[in-house]
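K.L.:
Starting off with a structure, shown below.
Derivation of every value follows stated rules applied to the coordinates shown; laboratory data play no part. Here the structure is a predicted model, which is why all the values come from computation and not from measurement. Cβ sites come from the backbone with ideal geometry, for glycine too, and all protein chains shown count toward neighbours.
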Amino acid sequence: MKIACFHLMPYRDLPDDFEKKHKSAWFTLPFDGIADRHKVSQYYNWTLDELTYAAKSGFDGVCTNEHHQNAYGFMVNPNMMGSVLARATRGTDTAIIQMGETAVFLNPPIRVAEEYAMLDMISEGRLVAGFPVGLGGDFSYSYGMAPMEQRSRYNEAHDLIKKAWLSKEPFAFNGKHYQLPMVNIWPKPLQTPHPPIWVPGNASPSTWDFVLKHDYSYCFLTYFGAKGAEHMVNGYWRRAEELGRDRNPYRLGFLVPVGVSDTDEKAEAEYGHASEYFYHKGLHLPEQLLAPPGHMSHSSLTHLITKRPFPPFSELKGMHFPQFNDRDYVVCGSAKTVTQRLLNIIKTLRVGHLMILPQFGSLSHEKTMENIDRISKGVLPHLRNVWDNENWEDHWWPKSVAQQQRAAA
Amino acid sequence: MHKPRKKVIPVLGGALEITVNIAGTGKPLLYLHSAGGYYWDDFLDGLADHYKVYAPHFPGTAPGRPNEIDLVGNLWDVVTAYDDLLDGLGLKKVRLIGHSFGGLLAAELAAHHPKAIDKLVLISPIGLWRDDAPYTVANWCALDGNELMDVLFYDKQHPRVVRRMTPPSVGKDAAELWQVHLMWTLGCTAKVIWPIPDKGLRKRIHRVTAPSLVVWGENDKLIPTVYAQEFGKALNNAEVMMLPQCGHEPPLEQCEILTAKVREFLG
């Protein structure tokens, strides 16, 4: 079992009436007038401190991610964060999990091939290369590309990056979206043939097929908890079987916001505000901004609108901490309770890569550090061995130079 | 009420098919719909009393053929496809009307193939740009249903508006599928104009030779009304008409005045 610490890098101090005064926490929210620049500077440093502390406290990896023009989480270039983390954890086995730099946001996308290779060098072979499709609003509103091009650009960018890593000779690339006369990147990654690839998603069957076809690891990122995710994750495992893939739990990652208290009773006081802040303010996002028309394929759009597999974000506003915690949207309680609930999630969904979000919403730096400490001491040790009896190998975990040297010695 | 029949015409060397709705008799008239999609309204019905109306579905928006949009990469493909469509329909010269997004396509087609266009009518077209009057696809794509109603119409209670914008209630998932179709159509049309519909028409519009009529609703909240005069100036030979008590959808909100004016102009 591998457990990583995930961070969104949110704005932590939005005013109480924020969601009543503004249409969205994303895309249309002005920075000036909302954000305190000194606080933002502090947030980036806290984020790095929190992730570094998690690595030192026993998490197996640290995860960064990319979003734009919002107060929800604005790590606009995860590779800048990743390179600081790589250096801060030098000499350890901590995986640097980029979830990731979003290739379709960049032109040309070989920039991702180059930066990931550089990060693999700096981290001495500890990089996990995340290949997110990217949020529709980020792609189309922040970065100005037509929603209908996202999937096709993604597929093409992926092929280009892989070829840039694997090709022994310089080559010309004549794509539908990208044309490059000489692809010949320096450096290539330290890990050969390339770093492990993880693909985050939220239950799109076309992403499952992509992941399984290429034999990558899938990370299910949902805001709606493990209980609601079960039938979707079952769909992933069914599809894996259909495509002849094994049931190796390391094919699946799952993200959970976690808060550990001394007792179950104290959890609401410690994590109630942060949870509600996350769901009420961070996800204050009208659907048409989240996914502009054309972002989804016709079949996915039809499925979404006729079946409504997720509740609309607006429904979250009527929910409060007890419901979020009951439904596993967040997992908060004593270390014992959290351990049991996480074990249940891990086993039910067959999760090999658990990603824990110890900072969410308004949770302060001090509380976050305390939470990381409690998770590391009281929870992680009880999750580690959960898959040991099945003897699976994690093919999607980086093989760092340090590990290889130890193995050789 | 006319009952349009559908005809499928191969374009782009057979790589793509365009589905055209055809009704009426008389001289040929090509109508290019807005970003909201094809809809046989009273305006088209009135025109079909006097002309043979050809109203194509933009690629990807014809019933049951959503993935045809994959065969269109950019605006250039669309203009070429519509020029091919004229050939495919055997039309040497047409009266051309375009509304909003369709107005951009009509202006582009008239600039690309000026000899094929007899008369041009642009109803609240997009496609030009002024720094002091910005608009983007987000003006309509980033809105929810209620916001879209507010921005599109002068009078949301107008019976024609209500008829157009009320989802059907009969049939399995009818309202949901109506919503899917609307969103998909917005996505298809947005594909060739994202994020700002200024794709260089200003450099080409001088090529239009057809006498032109530009029509705009005085209360258009979607596309600034200054563009009425902007199109009027950019076209060689254009008349501009402003419609009172009218938003972005003159065919719905001022159908009678619009029909009479267009009839008079087209002859």
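K.L.:
Exposure proxy check: A:Thr263, B:Thr189, A:Thr337 ranked by fewest other beta carbons within 10 Å?
P.N.:
Exposure proxy ranking, most exposed first: A:Thr263, A:Thr337, B:Thr189.
K.L.:
To the nearest µm²/s, what D does Stokes-Einstein give for the protein assembly as shown at 4 °C and 1.567 mPa s, using the Kirkwood radius over alpha carbon pairs as Rh?
P.N.:
Using the Kirkwood radius from Cα pairs, D works out to 47 µm²/s.
K.L.:
What is the distance in Å between the Cα centres of the stretch B:208-224 and the stretch A:81-130?
P.N.:
51
K.L.:
I need the shape label for the stretch A:223-295. Rule: rounded when a/c is under 1.5, else prolate if a/b > b/c, else oblate, with a, b, c from the alpha carbon gyration tensor.
P.N.:
oblate
K.L.:
Highest GNM mean-square fluctuation, chain A, Cα pairs closer than 10 Å: which of A:Ser275, A:Ser297, A:Ser123?
P.N.:
Highest fluctuation among the options: A:Ser297.
K.L.:
To continue, here is another question. With each pseudo-label sitting 7 Å past Cα toward Cβ, what's the B:Ala15-A:Lys56 distance in nm, one decimal?
P.N.:
Output for this residue pair reads 5.8 nm.
K.L.:
So which residue, out of B:Asp155, B:Asp87, B:Asp132, gets the largest mean-square fluctuation from a GNM of chain B using Cα contacts under 10 Å as springs?
P.N.:
B:Asp132
K.L.:
Another question about this same structure. At what distance in angstrom do the alpha carbon centres of the stretch A:201-260 and the stretch B:1-66 lie from each other?
P.N.:
Measuring centre to centre over Cα atoms gives 44 Å.
K.L.:
Quick one: in the stretch A:302-389, what % of C-alpha pairs are over 20 Å apart?
P.N.:
When every Cα pair of the stretch A:302-389 is considered, 48 percent fall beyond 20 Å.
K.L.:
Restricting to chain A, what percent of DSSP beta bridges are antiparallel, rounded to 5?
P.N.:
Here the antiparallel bridges make up roughly 10 percent for chain A.
K.L.:
OK, next. Which helices, taking whole DSSP H runs in chain B, have alpha carbons extending 15 angstrom or more along the helix axis plus mean Kyte-Doolittle at least -0.5? Walk me through the numbers on the way to the answer.
P.N.:
Numbers: long enough: B:75-88 (19 Å, 0.31); B:101-112 (17 Å, 1.16); B:174-190 (24 Å, 0.68); B:255-266 (16 Å, 0.61).
Membrane-span-like by this criterion, though nothing is claimed about a membrane: B:75-88, B:101-112, B:174-190, B:255-266.
K.L.:
Just want the ordering: A:Asp16, A:Asp138, B:Asp118, B:Asp173, from fewest to most Cβ atoms lying within 10 Å of their own Cβ. Could the numbers behind the result be given before it?
P.N.:
Details: A:Asp16 10, A:Asp138 24, B:Asp118 18, B:Asp173 13.
Result, fewest neighbours first: A:Asp16, B:Asp173, B:Asp118, A:Asp138.
K.L.:
Sticking with this one: Calculate, for A:Ile34 and B:Val8, the FRET efficiency according to 1/(1 + (r/R0)^6) with r their C-beta to C-beta distance and R0 56 Å; round to the nearest 0.05.
P.N.:
Computed FRET efficiency for A:Ile34 and B:Val8 comes out at 0.60.
K.L.:
If you stretched the chain out fully between A:Asp17 and A:Lys227, how much longer would it get, using 0.36 nm times the residue separation minus the C-alpha to C-alpha distance?
P.N.:
72.6 nm
K.L.:
Now a separate question. Using the basic label-point model (7 angstrom from Cα toward the beta carbon), what is the A:Asp246 to A:Gln179 distance in nanometres?
P.N.:
For the pair A:Asp246/A:Gln179, the computed spacing is 4.6 nm.
K.L.:
For chain B, with a Gaussian network of springs between Cα atoms less than 10 Å apart, report the residue from B:Cys188, B:Cys141, B:Cys246 with the top mean-square fluctuation.
P.N.:
In the Gaussian network model the winner is B:Cys141.
K.L.:
Would you list which aspartates and glutamates come within 13 Å of B:Lys3, measuring only between C-alpha atoms, while excluding same-chain residues fewer than 8 positions from it?
P.N.:
Of all the aspartates and glutamates, those that pass the test against B:Lys3 - Cα under 13 Å, at least 8 places apart if same chain - are B:Asp41, B:Asp42, B:Asp45, B:Asp49.
K.L.:
Under the definition of partner shielding as Cβ atoms of other protein chains within 10 Å of a residue Cβ, what is the mean value for peptide B:193-202?
P.N.:
Details: counts 1, 10, 7, 1, 0, 0, 0, 0, 0, 0.
Per residue, the number of nearby Cβ atoms from other chains is 2 on average.
K.L.:
When the helices in chain A are scored as -39500 (n - 2.57) per DSSP H run of 4 or longer and the sum is shared across all residues, what 222 nm value do you end up with, to the nearest 500 deg cm²/dmol?
P.N.:
Mean residue ellipticity at 222 nm (helix-derived): -12500 deg cm²/dmol.
K.L.:
Further, regarding this structure: Among B:Val72, A:Val128, what is the fewest-to-most ranking by other Cβ atoms within 10 Å?
P.N.:
Starting with the residue having the fewest Cβ neighbours, the order is B:Val72, A:Val128.
K.L.:
What distance in nm lies between label points placed 7 Å from Cα along the C-beta direction at A:Lys336 and A:Lys213?
P.N.:
5.0
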